[in-house]
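Written below as structure tokens is the structure these notes are about.
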Amino acid sequence: MAERLQKLLSQAGIASRREAETLIVAGRVKLNGQVVTELGTKADPATDQIEVDGKPIRPVAGKIYLLLYKPVGYLTTLKDPEGRPIVTDLLKNVTSRVYPVGRLDYNTEGLLLLTNDGDWANRLSHPRHEVDKEYLVRVRGKVTPDQVKRMAAGVELEDGTTAPAKVFLASESDNNSWLSVTIHEGRYRQVRRMCEAVSLAVVRLKRIRYGFLELGELKPGEYRHLTQAEVERLLQPGRIRSGGGAPQRTGRR
């Protein structure tokens, strides 16, 4: 069945639909040997040959949905010109090309979703879904009630004021404190910048929950396949912001 080229590229795991549109407009996509720059162009992957940068794309044989415990020191990207480790290096038994849903920066660990289903990824990433993402944040020193209140109410960043968040003190010692921070926005390095805005220095940052999904027993570098019920539930309005229980606390550290 014929579909728009940007949708086919997204489904094949080449790029998000918006990124695929950029590839098309830039003249990097060919359909049956001819460069295509019109965004409305359709193709049938069963009969048409589609190439990106001279490489043919393969139709997706089956949809894959993964939950990975991303370790520190891995990039959430499909390639790195400097040769640093990328998250897909951890997927030893996954032969289909998958890509991350959203990002965790190089020094952040925790729950990351990967898929080859472009439509699913795009729907999860759309702002109207407002998926809760919970982080445990270790900061230097003690945290004041005012700092917690300011982060929860929303802080002014260079790209605008953050939406209200759920923030509470999970534990503290003389040298460090642990905060639980739950947001539903997806700004670049948002939790780190929220902490910096209230003069808190982040030592460690770990995402422990995405919607109702949690890391469970996974160790850094390990992953599991989502069940079909989990895949479908993530797209159900009104349920993706539920953590299914009390926020995880750390104990004293």
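For the residues Lys30, Lys79, what sequence is obtained by ranking on other C-beta atoms within 10 Å, fewest first?
Final ranking by Cβ density, sparse to dense: Lys79, Lys30.
With a point put 7 Å past each Cα toward its Cβ, work out how far Arg204 is from Arg140 in nm, to one decimal.
Spacing of the two 7 Å Cα→Cβ label points: 1.7 nm.
Output the pairs from Lys63/Lys149; Lys42/Lys70; Lys42/Lys219; Lys63/Lys219; Lys7/Lys166 with a Cα-Cα distance over 32 Å in this structure; if there are none, say none.
Flagged as over cut-off: Lys63/Lys149; Lys42/Lys70; Lys42/Lys219; Lys7/Lys166.
Running a GNM on the chain with Cα contacts under 10 Å, which residue among Ile183, Ile57, Ile208 ends up with the highest mean-square fluctuation?
Answer for the Gaussian network model of the chain: Ile57.
At a Förster distance of 25 Å, what's the computed FRET efficiency of Glu38 paired with His126, Cβ-Cβ distance as r, to 0.05?
Result of the calculation: an efficiency of 0.50.
Which of Pro45, Pro145, Pro164 moves most in a GNM of the chain, Cα contacts under 10 Å?
Maximum fluctuation in the GNM of the chain, among the listed residues, is at Pro145.
Segment 134-238: which chymotrypsin sites (Phe, Trp or Tyr not before Pro) are DSSP loop and have at most 11 other beta-carbon atoms within 10 angstrom?
Answer by residue number: Tyr188.
At a threshold of 8 angstrom on Cα-Cα distance, excluding pairs fewer than six apart, so keeping six or more, what relative contact order does segment 36-117 reach in percent?
Taking the mean separation of contacting Cα pairs over the length of segment 36-117, I get 33 percent.
Taking only C-alpha pairs under 8 Å that are 6+ residues apart, what is the relative contact order of the chain in percent?
With pairs under 8 Å counted, the relative contact order is 19 percent.
Lys79 to Ala153: extension gain in nm, 0.36 nm per residue of separation minus the Cα-Cα distance?
Length difference between fully extended and current span is 22.9 nm.
Take the chain, connect every pair of alpha-carbon atoms lying under 10 Å apart with a spring to form a Gaussian network, then pick out the residue of Asn107, Asn93, Asn176 with the largest mean-square fluctuation.
The residue with the greatest mean-square fluctuation here is Asn93.
At Ser96 and Thr22, where each label point lies 7 Å from the Cα along Cα→Cβ, what is the point-to-point distance in nanometres?
Between Ser96 and Thr22, the label points sit 2.5 nm apart.
No lab work stands behind these numbers, since they all come straight from the coordinates. All of these numbers come straight from a predicted model, not from anything done at the bench. A quick note on method: Cβ atoms are made from the backbone with ideal geometry, for glycine too, and the neighbour counts reach across all protein chains shown.
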